[in-house]
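A quick write-up on the structure given underneath.
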């Protein structure tokens, strides 16, 4: 696939499934765009912005309802998304996508006050995703490629949940996506 075909595939996934409920009074697409916007507003580089934009890509392509968490079922969207994108983006971006759920688990263990700031939906998914990490899991997390980037993505993931936030449209991020595609 060419870079343009990769971008077309990503955009098609947003069109097909971006309307899905995120569980936070906004759609999945809205959440992902808000997170990317916040990363950019905070001066992050293109890799952070793209990883943040695509962190929940797995929800768009996993072919499972997003409410499976309410039934105690993990859809492993982080792995689905990373696997779908790993051929086209560098290991740090893909690693951050793969690790953004573990970043939540890590932060809950490393900083107990972090959990208190999570939304109810994030607390529900945390339990389905394994709860806070133990010491061994935390050490293994820090050995993974992209873990530092995943911690940044997690911050914007937690913040991108505002029903009235103004942010750029998806097309705005196309040049950043193209800049980050491995050629």
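The values are calculated or read from the model by the stated rules, or taken from the named source; none is laboratory data. A quick note: this is a predicted structure, and the numbers were derived from the prediction, not measured. Heads up, the Cβs are rebuilt from the backbone with ideal geometry, glycines too, and the neighbour counts pull from every protein chain shown.
When each of 92, 74, 79 is tested for being in contact (Cβ under 8 Å) with a residue 12 or more places away in the chain and assigned to a loop (DSSP other than H, G, I, E, B), the lone residue that passes is 74.
If you take the residues in the stretch 2-50 that are on the phi > 0 side of the Ramachandran plot and surrounded by fewer than 19 Cβ atoms within 10 Å (Cβ to Cβ), which one is modelled with the highest pLDDT?
Checked the stretch 2-50; the qualifying residue modelled with the highest pLDDT is 43.
For the stretch 114-124, the criterion of being buried (at least 18 other Cβ atoms within 10 Å of the Cβ) and touching a residue at least 24 places away in the same chain (Cβ under 8 Å) is met by at least one residue.
Among the residues of the stretch 89-106, none qualifies, meaning not one is in contact with a helix residue (DSSP H, G or I) (Cβ under 9 Å, 6 or more places away or on another chain), at negative phi and surrounded by fewer than 16 Cβ atoms within 10 Å (Cβ to Cβ). Against the numbered list (1) in contact with a helix residue (DSSP H, G or I) (Cβ under 8 Å, 6 or more places away or on another chain); (2) farther than 24 Å from residue 13 by Cβ, residue 167 comes up short only at (2). Residues in the stretch 9-19 that are assigned to a loop (DSSP other than H, G, I, E, B) and more than 15 Å from the chain's Cα centre (by Cα): 1 in all. When residue 172 is tested against (1) free of Cβ contacts under 8 Å to residues at least 40 places away in the same chain; (2) surrounded by 16 or more Cβ atoms within 10 Å (Cβ to Cβ); (3) closer than 29 Å to residue 11 by Cα, only condition (2) is not met. Out of 38, 33, I need the residue that is assigned to a helix (DSSP H, G or I), out of contact with any strand residue (DSSP E or B) (no Cβ under 8 Å at 6 or more places or on another chain) and under 18 Å from residue 174 (Cβ atoms). Which one? Answer to the check: 33.
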